[in-house]
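The values are calculated or read from the model by the stated rules, or taken from the named source; none is laboratory data. Computed from a predicted model, the values in this text were never measured in an experiment. FYI the Cβ positions are ideal-geometry reconstructions off the backbone, even for glycines, and counts take in every protein chain you see. Accessible surface areas use protein heavy atoms only, side chains included; no ligands, DNA or RNA. Shrake-Rupley method; radii C 1.70, N 1.55, O 1.52, S 1.80 Å.
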Amino acid sequence: MKKPIKSEVQFSLSAGVVSLQEVSDHLSLFGDTTYDTYLTRLIVVASTFASNFIGESLESSTIVDYYNGWDARLELSKRYADSSPTPSVTYYDTLNAVKTLSTTPIVDGSGEKVALVYTAAPSEALSTQITNPITVTYSTSDLNTADSQAVKQATLMIISDLFHDRADKIEGSRSKAHITAERLLAPYRRNWV
């Protein structure tokens, strides 16, 4: 099995796990755009809080893994989103031109790490001038649709609490909304070993 030599993450440009429209609806603002700039900041703050609490990114990201040679199994560095298209495999040929591998791999998620599996290791000749001539590009998302509903609700609760209680709080006090939001997020919290 070939492990990636290097991996890059390309984050999406969205502001958070909920949209401005979802927040406006949740707060019953009924088309009032007066607070849109402030709410946009709260979306980022609440999404960051939820992401930090869980310990993983909540948004879909594009991952690019680099490999230095072919193998029948190419291990992916991050969790692969099942709903995403099959990962794209490109390589530099002997003329240093980028080529797309024509063989479609099987995505094997049965092990500890997800891997692309080929019936036989690809045999296309690789560039000797480029250090890691093979790239695998794929999407990752750590939450499935059912999970994301609980995370969205928790994020909306945090935004609502921050929006309605903009005054300074007494040190050490916690709102019921934050406690409930943490309870909604707790099952998805990553346990670090």
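On the basis of being of a type in the set (A, V, I, L, M, F, W, C), part of a helix (DSSP H, G or I), at pLDDT below 90 and loosely packed, with under 12 Cβ neighbours inside 10 Å, does ALA150 make the cut? Talk me through it step by step, then tell me what you get.
On the way: of a type in the set (A, V, I, L, M, F, W, C): yes; part of a helix (DSSP H, G or I): yes; at pLDDT below 90: yes; loosely packed, with under 12 Cβ neighbours inside 10 Å: no.
Answer is no for this residue.
Please verify whether SER139 is in contact with a Ser or Thr (Cβ under 6 Å, 6 or more places away or on another chain), among the hydroxyl-bearing types (Ser, Thr, Tyr), open to solvent by 20 Å² or more (accessible area, probe 1.4 Å) and closer than 30 Å to MET157 by Cβ, treating the condition exactly as stated.
Working: in contact with a Ser or Thr (Cβ under 6 Å, 6 or more places away or on another chain): yes; among the hydroxyl-bearing types (Ser, Thr, Tyr): yes; open to solvent by 20 Å² or more (accessible area, probe 1.4 Å): yes; closer than 30 Å to MET157 by Cβ: yes.
It is true that SER139 is in contact with a Ser or Thr (Cβ under 6 Å, 6 or more places away or on another chain), among the hydroxyl-bearing types (Ser, Thr, Tyr), open to solvent by 20 Å² or more (accessible area, probe 1.4 Å) and closer than 30 Å to MET157 by Cβ.
Is it true that some residue in segment 34-51 is modelled with pLDDT under 90, within 28 Å of VAL18 (Cβ to Cβ) and part of a loop (DSSP other than H, G, I, E, B)?
Among the residues of segment 34-51, not one is modelled with pLDDT under 90, within 28 Å of VAL18 (Cβ to Cβ) and part of a loop (DSSP other than H, G, I, E, B), which makes the answer no.
Could you check how many residues of segment 23-81 are buried (at least 18 other Cβ atoms within 10 Å of the Cβ), touching a helix residue (DSSP H, G or I) at 6+ places or on another chain (Cβ under 7 Å) and charged (D, E, K, R)?
Looking only at that region, the number is 0.
Taking segment 89-116 on its own, how many of its residues are at pLDDT below 90 and open to solvent by 20 Å² or more (accessible area, probe 1.4 Å)?
12
Scan segment 55-65 residue by residue and report those that are in a loop (DSSP other than H, G, I, E, B) and hydroxyl-bearing (Ser, Thr, Tyr).
Within segment 55-65, SER57, SER60 meet the criteria.
State all residues of segment 75-124 that are acidic (Asp, Glu) and either outside any loop (DSSP other than H, G, I, E, B) or under 23 Å from GLU56 (Cα atoms) (or both); if no residue qualifies, say none. Let's see the steps before the verdict.
Taking segment 75-124 and keeping what is acidic (Asp, Glu), we get 75, 82, 93, 108, 112, 124.
Residues satisfying the conditions are GLU75, ASP82, ASP108, GLU112.
Being at pLDDT 70 or above and closer than 21 Å to TYR35 by Cα is the filter here; which residues of segment 157-192 pass it? Walk me through how you get there before you give the answer.
Step one: list which residues in segment 157-192 are at pLDDT 70 or above, which gives 157-166, 176-189.
The answer is MET157, ILE158, ILE159, SER160, ASP161, LEU162, PHE163, HIS164, ASP165, ARG166, ALA177.
Might you let me know whether segment 66-74 holds any residue that is closer than 20 Å to VAL9 by Cα, hydroxyl-bearing (Ser, Thr, Tyr), touching a Phe, Trp or Tyr at 6+ places or on another chain (Cβ under 7 Å) and part of a strand (DSSP E or B)?
Taking every residue of segment 66-74 in turn, none turns out to be closer than 20 Å to VAL9 by Cα, hydroxyl-bearing (Ser, Thr, Tyr), touching a Phe, Trp or Tyr at 6+ places or on another chain (Cβ under 7 Å) and part of a strand (DSSP E or B).
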